[in-house]
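Structure first, commentary second.
Just so it is clear, none of the values below were taken in a lab; they were calculated from the coordinates. What you see is a predicted model; the values in this text were computed from it and never measured. Methodologically, a virtual Cβ is constructed for each residue, glycine included, from the backbone with ideal geometry; neighbour enumeration extends over all protein chains shown.
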Amino acid sequence: MIDGDDLKAMRKNAGISQELMAKKLECDRKTISNYEQGVSDIKSKQLFRWLMLCKIDTRSLLNEIRQISGSLNRHDASKLQDDEK
């Protein structure tokens, strides 16, 4: 799980200030600080933008999500077919 320390480390490693991250994520600097201190949880949309801004490769994560989604969709489809019999 990604926590505030991880967010801060990624941001600093990318050379991005809290102010610039806030501007890029269209929020205020206090929101960035709250994410990094664990006061509030980052929304998934903003998390992915954060990762992209910090040049973190998200392809493997997205591939895994798509595999899970595809597996669930196949499972739901087969369950529907079983229910119709």
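In the chain, the longest principal axis of the Cα atoms and the axis of helix 44-53 are about 60 degrees apart. Please build a GNM for the chain, connecting alpha carbons under 10 Å apart, and tell me which residue among I56, I32, I65 fluctuates the most. Judging by the Gaussian network model, the answer is I65. Computing volume of the Cα convex hull per residue in Å³ directly from the structure and comparing it against (1) 108; (2) 187; (3) 240 singles out (1). Computed from the C-beta positions of R66 and I2 and an R0 of 30 Å, the FRET efficiency is 0.95 to the nearest 0.05.
Do you know the relative contact order of the chain, to the nearest whole percent, from alpha carbon pairs under 8 angstrom that are 6+ apart?
27
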